[in-house]
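Visitor: Here's a structure for you.
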Amino acid sequence: MKNTILFRQLLDYETNTYTYIIADADTLEAVIIDPVYEMADRDEKLIKELWLTVKYFLDTHVHADHITGSSELKERLGTGQIWVGEQNKGISHNDLFLKDGEILTVWNIHIKVLETAGHTGWCVSYVIDDMVFTGDLIFVRGSGRTDFQSGSNQKMFYNVRERIFTLPNSTKIYPGHDYNGNMSSTVGEEKLYNPRLKEANNYEDFETIMKNLKLPYPKKLEASLPANMKCGHRCG
Ligand SMILES: [Fe+2]
């Protein structure tokens, strides 16, 4: 029997970050992916209005551009566990560590953890049914940056090609950010049209593009990294 999934895509318009709430529509058990600290009021209100019980707070990586809302929401809601990638050494205030290939369950919803480093040294993507939540690995017609936090062009290229592009073409991609008004894409679309990672590009093409990005330093990096190493615990 197919699950009935409740799905919400939420935007923090200050940092262009997407937060996702996915819940089993019958039992109202939920998972929240990449909550933003400043948006905790919005998220708490929505979760309560929909009568959801959050089982997991999942971040795709240690963010450099915003502080995670995981600890704040966990404290306010009084339920759930914070899980982070097992290779995020030195992190605290999480409940458990995620392993590559692990499957978390929210009632009948299966959340498969894929290790997809590249944007940082340890990032994960989450596969739920025909959706993949890619964090800052691949965006709609773009990708995350690779120039700090042990980012790696090689790992990004490998993980997009071998771990995301091997999913069915119809798989919907839900990114961690978008700066151009897009909300989602599909694996098939990105294989054709992603200017950095499309199948027509080889690794050298990708590396040349990434080396020439000349991106500004993230505004909130100094505040975000130490706070996110504590899962956003008491950072307000
Ligand atoms: Fe990021």
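Visitor: What's the percent breakdown of Cα-Cα distances in segment 98-236 across 10 Å bins, shortest bin first?
Guide: That works out to 12, 40, 35, 12, 1, in percent per bin.
Visitor: Using a cut-off of 19 Å between alpha-carbon atoms, which aspartates and glutamates can reach LYS214, once sequence neighbours fewer than 8 places away in the same chain are excluded?
Guide: Qualifying aspartates and glutamates at Cα under 19 Å: ASP65, ASP136, ASP147, ASP178, GLU204, ASP205.
Visitor: Something else: Under the √(5λ) rule applied to the eigenvalues of the Cα gyration tensor, what semi-axes describe the equivalent ellipsoid of the chain? Give them in Å, descending.
Guide: Its equivalent ellipsoid spans semi-axes of 27, 21, 16 Å.
Visitor: Neighbouring Cβ atoms within 10 Å as the yardstick, rank THR68, THR120, THR166 fewest first.
Guide: Arranged by neighbour count, lowest to highest, THR68, THR120, THR166 become THR166, THR120, THR68.
Visitor: Which whole number of Å³ per residue matches the convex hull of the alpha-carbon atoms in segment 1-59?
Guide: 78
Visitor: Additional query: Among the listed pairs LYS191/LYS211; LYS89/LYS219; LYS55/LYS99; LYS191/LYS219; LYS89/LYS191; LYS172/LYS219, which have their C-alpha atoms separated by more than 26 angstrom in this model?
Guide: LYS191/LYS219; LYS89/LYS191; LYS172/LYS219
Visitor: When you take every Cα atom in segment 174-236, what is the radius of gyration, and what is Dmax, the widest Cα pair distance, in Å?
Guide: Reported Rg and Dmax, both Å: 16.3, 46.
Visitor: Return P(r) of segment 90-155 (all Cα-Cα pairs; 5 Å bins starting at 0; whole %; ordered from short to long distances).
Guide: For segment 90-155, the pair-distance distribution reads 4, 16, 21, 23, 19, 11, 4, 1.
The numbers here are math on the coordinates, done by the rules we state, and not lab data. In this text, all values refer to a predicted model and were calculated from it rather than measured experimentally. Cβ coordinates were reconstructed from backbone atoms using ideal geometry, including for glycine residues, and neighbour counts include every protein chain displayed.
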